[in-house]
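Below is one structure, written out as structure tokens; comments come after it.
All of the numbers you see were taken from the coordinates with simple rules; none came from a lab. Every value quoted in this text rests on a predicted model; they were computed, and no experiment measured them. All Cβ positions, glycine included, derive from the backbone under ideal geometry; neighbour counts span all protein chains shown.
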Amino acid sequence: MKLDYKEEFERLLSIKEGKKFFIRESESNFKIKLFLEKAKGSFSLVNYVNKCSEVENLFVDYWVITISYYSMLYAAKAAILVKGYETDDHYSTQIALGALLVPSELEREDLELLEQGYKIFEEEYVEYLEDAHKESNTARYQAIKKYSSRRVKEIMEKTRKFIAKIEIVLEGKY
């Protein structure tokens, strides 16, 4: 799957339509910390919203899912900036994340040899982002009354893991 990310990354990087871009090189390193703070702050908001009382619970699932996704999106944008790129939309962010952070077999072996296997950003984390994006779109644009509490908790847990993994991978790089 890594090759697909790389090919699509190169395609999106090459598209230039006036001021519109999908992926571009960037030296906006000052944004890295801002995006990480925004990701963590948004996730704190998710935890707060999820604790609302049943009376206030009418739109809690919608907000928990939507804010969880954006928490992951901000963390992903920080990680992409560390690699010297920035993205302009959700799809490009997912592709750049897969292309830039999921290591090749050789990179994976190097990290394991250096006893830094914990820093390996697995493809499953890109799938977490994709899954949260789909759920966020469903929550926002389709008339679903209520998600199961299990599904909401699952998305929250994936968001927590995603942000924690991004922080580990970026440790000392910004």
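Quick notes on this structure:
- Of Lys33/Lys161; Lys20/Lys83; Lys40/Lys134; Lys77/Lys165; Lys19/Lys134; Lys40/Lys77, pairs whose Cα-Cα distance is over 23 Å: Lys19/Lys134
- Burial order of peptide ranges 81-90, 62-71, 132-141 (average beta-carbon count within 10 Å, highest first): 62-71, 81-90, 132-141
- The simple Förster model, with R0 at 25 Å and r as the Cβ-Cβ distance, assigns Arg150 and Glu127 a FRET efficiency of 0.85.
- Ordering of 40-48, 21-29 by packing [mean C-beta count within 10 Å, highest first]: 40-48, 21-29
- Close amide H contacts of Tyr85 (hydrogens built in the peptide plane, cut-off under 5 Å, sequence separation of 5 or more or a different chain): Ser26.
- Multiplying the residue separation of Tyr141 and Tyr48 by 0.36 nm and removing their Cα-Cα distance gives an extension gain of 31.2 nm.
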